[in-house]
Amino acid sequence: MLWTVITFVGFTVLVAVIAYLKTKGDDQTTAEGYFLAGRGLPGIVIAGSLLLTNISAEQLVGTNGQTWSTNMSPMAYEVVAACALIFMALYFAPRYLKSGVATVPQMLGIRYDRSTKLWFSIAYIGLYLIVQLPVILYSGSLVFENIFGLSSILGCTKFQSVIILCIAISIIGSLYAIFGGLKAVAVSDTVNGALLIVGGFMIPFIALHVLGVASGSEGLAIGDGFRYLVENYPEKLNSVSAANVEAPAVPWPTVFTGLAFLCIQSWCTHQSFIQRVLAADGLKEAQKGALFCAFMKTLGFLYLALPGVIAYALFEVQGNQVNTMDDAYPQLVAQVVPAPLMGFFAAVMFGAIISSFNSVLNSINTMFTMDIYADFINPNGDGPKLVKVGKQAGVVFAVITTCVGPMIYFFPGGLKTFLDSLVMLIGLPVLSGIFGGFVFKYLPKYAAKFILVFHIVFYGAFLILAPQYPTGGDMHYLYAITVLLPIEILIMFIMNCMNKNKAGVEAWVQEDVKAVDMTPWKYRWVAAAIVVIGVLAVYAFFSPLGVGG
């Protein structure tokens, strides 16, 4: 245990030192320098920050828990995201950078009006504070409770341990987000991303080795472990689920409809992701970062989905199966990672948790400061004043979300299912408003606000009423998304046609504010094709045509 603690602290401090050295000379007194890293991020930093912003304990715990509970179908959240990043690189990034915005609500304000920006800023901030940040804190506390056994060390209950760990994660993550600005967050993400590639990828191979030994291997244990998995649990390795499965499995008709819409919303309109692209040193670097991250997403099943299936098989062989999906991955890690490497892996996990926490917190600070304070409270505030307000707001937001985080302990469902289904309450109308605003040039100013209210009413009713399949069982929330997005786009099309014929209405023309160099990356189409081929190959492998037969 002492060695684990020493190596954990060593790697964690190393990341902090690197982030400090890389940012100590930066100008943090201007709003652009603090919130957008001076619009100077290179592609590799954008890719690393995008990857780590997305991958945290709620992903590692949640998605692997879903595959433990069902089969490989939840890998779609990771693999299809690669295609969504292509949309971001080729369609959304050029339009965001052309307007030189700092936030997604600001883009909505430019396309519609100031009140639209205010509505969506408030909605996003509320969702992040009450749902996303608390889930990150809680899932991170679960992992570290399993690794270090804090409740046993302190002689307290598991819930009390969760409270302590939530506070610790919040404090350290806040130091990056509040006092370091986006540059410190992005640099630490890049370093942690490199560590995650090593640490995250080692888990399935170590676990397969342990499974091979447990199943009686006398040769190459890793190969025998995978062979045992394929021969005894082919249904668990299948990523193609029936059309009427319940969450957390993913029905096959929704993979390239509702789930694809969810991924496009996440990667193309989610503030904490988009903010990295907005801080790019030109369109070329933004596209490099997004497409390299997309390539990494095609390999994400190795650490975000496959370990859950291995955990199920291993626990069955050993006779110590866990009871809930959110316990599967932490238990696997605690069991298979060798003691000398546990400190390194704990540091990798901690980096992923902190990266997601500080990224979302930084995004909340940015939206509050730039969209609400600077526009509606103090329009005359200068750069240093805005930075000061952003830091003060960050402290308040961190305290609020830390109070909410431990309460998820009493939520009975899986973390990932809960987060994804609830985020779409606000996320989908943002996608509708942004995409519809780009496509339809004659929309009335109230269009996005109408869609927001429409979606909250109907999607909220779906979540509350929980309709059933004709064959029985709760209908998957992805079907609601599959239906609602086309309806919302159709409504905006009708609004556009009706408004176009009114006297005095002019087509919206997006202005190029010359914020960054808009030269595209010349290899963007080649990179996109490689990503698509990778997605198809992964799905073919984990299907009845491959190992899921």
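The values are calculated or read from the model by the stated rules, or taken from the named source; none is laboratory data. Only a predicted model underlies this, so the values are computations on that prediction, with no experimental measurement involved. Positions of Cβ are generated from backbone atoms using ideal geometry, with glycine treated the same way; all protein chains shown enter the neighbour counts. For accessibility, only protein heavy atoms count, side chains too; no ligands or nucleic acids. Shrake-Rupley method; radii C 1.70, N 1.55, O 1.52, S 1.80 Å.
Structure notes:
- Global form of the range 408-549, assessed from the alpha-carbon gyration tensor, a/c cut-off 1.5: oblate
- Using heavy atoms of the protein chains and a probe of 1.4 Å, the accessible area assigned to Val532 is about 60 Å².
- Labels on offer are (i) 22.9, 81; (ii) 22.6, 67; (iii) 23.1, 72, and the one holding Rg and Dmax of the Cα atoms in Å computed from this structure is (i).
- Relative contact order computed over the range 244-391 (Cα-Cα under 8 Å; 6+ residues apart), in percent: 18
- Surface listing: Ile481, Ile464 arranged by accessible area from highest to lowest gives Ile464, Ile481, probe 1.4 Å.
- Rounded accessible area per residue of the chain, 1.4 Å, Å²: 37
- The range 443-549, accessible surface, carbon-and-sulfur percent (1.4 angstrom probe): 72
- Residues Met370, Met107, ordered by accessible area of protein heavy atoms at a 1.4 angstrom probe radius and largest first, appear as Met370, Met107.
- Relative contact order [Cα under 8 Å, 6+ residues apart], the chain, whole percent: 33
- Tilt relative to the chain, helix 221-232 - C-alpha long axis, 0 to 90 degrees, to 10: 80
- Taking the longest Cα principal axis of the chain as reference, the axis of helix 76-87 is set at about 30 degrees.
- Accessible area of Ile353 in the full protein assembly, 1.4 Å probe (Å², nearest 10): 0
- Nearest-ten-degree value, helix 114-127 long axis tilted from longest Cα axis of the chain: 20
- The magnitude of the dipole of the chain, with charges of +1 and -1 set on the Cβ of Lys/Arg and Asp/Glu and taken from the Cα centre, is near 1400 debye.
- Rolling a 1.4 Å probe over the protein chains gives Val439 an accessible area of about 60 Å².
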